[in-house]
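Just so it is clear, none of the values below were taken in a lab; they were calculated from the coordinates. Note that this is a predicted model, so its numbers are computed, not measured. Cβ atoms come from the backbone with ideal geometry, glycine included; neighbour counts cover every protein chain shown.
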Amino acid sequence: MKYLSYEGLQYLYSKILTRLGLKVDVNGGDISETVIENLDTVEDKYPIPTAGESVKQFLGKTLTFLRYIKPLTSNITLYVSANTGSDTTGDGSQLNPFKTIQHAIDIIPKDLGTRECIIYVADGTYSEDVTIAGFTNGVVRLYSNHITAISTLCKVNKILVTQCMSYVFIVGFDILTVNSAGIDSYNNKALIVQYCNIVGNAPNNSGIYAAESDFQVYNCIVSNHMNALRAYKSVGTSAYWGNTSGNTNSLYSASGSIIKTMGIQPQGTRIADTGGSVFFENGTQIADLIVSGLSCTWANISGRYYRIGNLNGGIAQVVVNIAISLTATLSAHTQYSINGFPTATASTAVTAHAQNQFDYVQLYGSGIYLSPAYDLPAGNVYLLSCTYITNS
C-alpha cells in the first residue's frame, strides 16, 4: 500500500482530467483505442499518458495506480519485523509486517501535513543503514518495542536523519556501527533520540552527531567513542544519560553550537570549541578556548583554558591547564610572560609541575608571569595550571 497526501491526490486528479480532456473525441465517439501522440513531458511519478499509448492502456495504468493509493486523511501506523516480515508480500500491518525499516520509511509521503507516522520495529537484527530524509511536515516516529528503557534486542547498523522539517523521533534501538556515528543528523528541524544504546568500539567517531540541527537526547548510553555527543552549528539538549564509559569526550560543542545539559551526563571530557558552549542546569556555561588567543615568544603552548560562566563578558571562572615547551633558553631571575588570558580580578598563584625551578609563577592582569630560579634550556616542558575569577 502506498500513501499520498490529500493535496497530492487532488493534484494528481486534476492533471489526469486535464490530459484526458485534451484527447476526448469532439464528436463524442468511442475513444478507447485512440492513440495519444506528441504529449508534453510530465512527471514520471504520475500515471500520465505517453506518446503512442492507447487510451485503454493508459486508463488501465491509471486504475492500477489508484488502487494502490490511499489518501492520507489520518495518521499512519506501520509494523516491521526482521523475522516474520516481507517487503514483497507485506502490507505494513501488524499481522503482515514489512521486513526492513527502510522499506517502511520509503513508502511514507514526504509531506505528512499535520499527520504523523509511527513505525513499530519488532525485536531482531536489522543489517541495514537506515536513512530518514526529506520529510517536510508532520511527525515521523521510529519506535522499537522498548520506548521506556534501554534494550539491546532491536539492533540496527546506523541511522541517518537529513534534510527533515518534520519532527523525527528515534526511540529504543541498539546501534551497531563502529565506522561512523551511530546516529547522524544533518540539517534537521527537530531530532529527538531516546533510550538508544550505542556502545561499539569506535574511538574515532561520535555516538551521536548533530550538524546544523536542533536535537534532544534523553536517557541514552554511548560508550567507547571519541565523543558521546558532538554538535556542529546546532542547538540541543543532553539529558539523563545512562551508565557510559570509555569515551574520550563527553560532549563536544563546536562552531557556535549550544548544548544544554540536564541530569547525569556521559563519561568523558566536556569540550566547547570555536564559539560553542555547554550550559549547565543552573544556566552557567563552559567554553573550551584553544590557545590561539595566547601570545608567547619563547615557548610553544599546547592545552587550553576553560571559561565557566558568561562567555562574552561578566563574572566567570577560568581554569587554566597548559603545557609550555621552551624554544629558547630562559635566563635565571628574569621575568617572562604568557599573555592573552581573561583579566583576573586578583593576582593568583600558578602551579608548575617543577615548582622548585622557578622563583615564582603568578597570574595577574591578563598574563602569567614567571621567573626561572636558574637557566632553563630550550626543550624543557612545563605544565602550568590555576583557577581564578574574571569579570571581563
TODO: Sort 319-329, 130-140, 175-185 for me by packing, meaning the mean count of neighbouring Cβ atoms within 10 Å per residue, highest on top.
DONE: 175-185, 130-140, 319-329
TODO: With a Förster radius of 25 Å, plug the Cβ-Cβ distance of I118 and I264 into 1/(1 + (r/R0)^6) and report the FRET value to the nearest 0.05.
DONE: 0.30
TODO: List, in order, the whole-Hz ³J(HN,Hα) value for each residue of the range 92-100 obtained from phi through the Karplus relation with A = 6.51, B = -1.76, C = 1.60 and θ = phi - 60°; use x for Gly and Pro.
DONE: x, 7, 5, 7, 9, x, 6, 8, 10
Open item on the list: What distance in nm separates the two pseudo spin-label positions at S302 and T125, each 7 Å out from Cα along the beta-carbon direction?
Closed with: 4.1 nm
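Give the Rg/Rh ratio for the range 290-390, taking Rg as the radius of gyration of the Cα atoms and Rh as the Kirkwood radius, to two decimals. Mind dumping the intermediate values first?
Working: Rg = 13.2 Å, Rh = 13.7 Å.
Using only Cα positions, Rg/Rh for the range 290-390 is 0.96.
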Open item on the list: Suppose a student asked you for the relative contact order of the range 74-277, using Cα pairs under 8 Å spaced at least 6 residues apart; what percent would you report?
Closed with: 12 percent
TODO: Once you have all Cα-Cα distances for the range 74-277, histogram them in 10 Å bins from zero and send the whole-percent values.
DONE: 10, 37, 36, 14, 3, 0
Task: Which of H146, H225, H353 has the fewest Cβ neighbours within 10 Å, and the rest in rising order - done: H353, H146, H225
Task: Formal net charge of residues neighbouring T152 (Cβ-Cβ distance under 12 Å; K, R +1; D, E -1) - done: -1
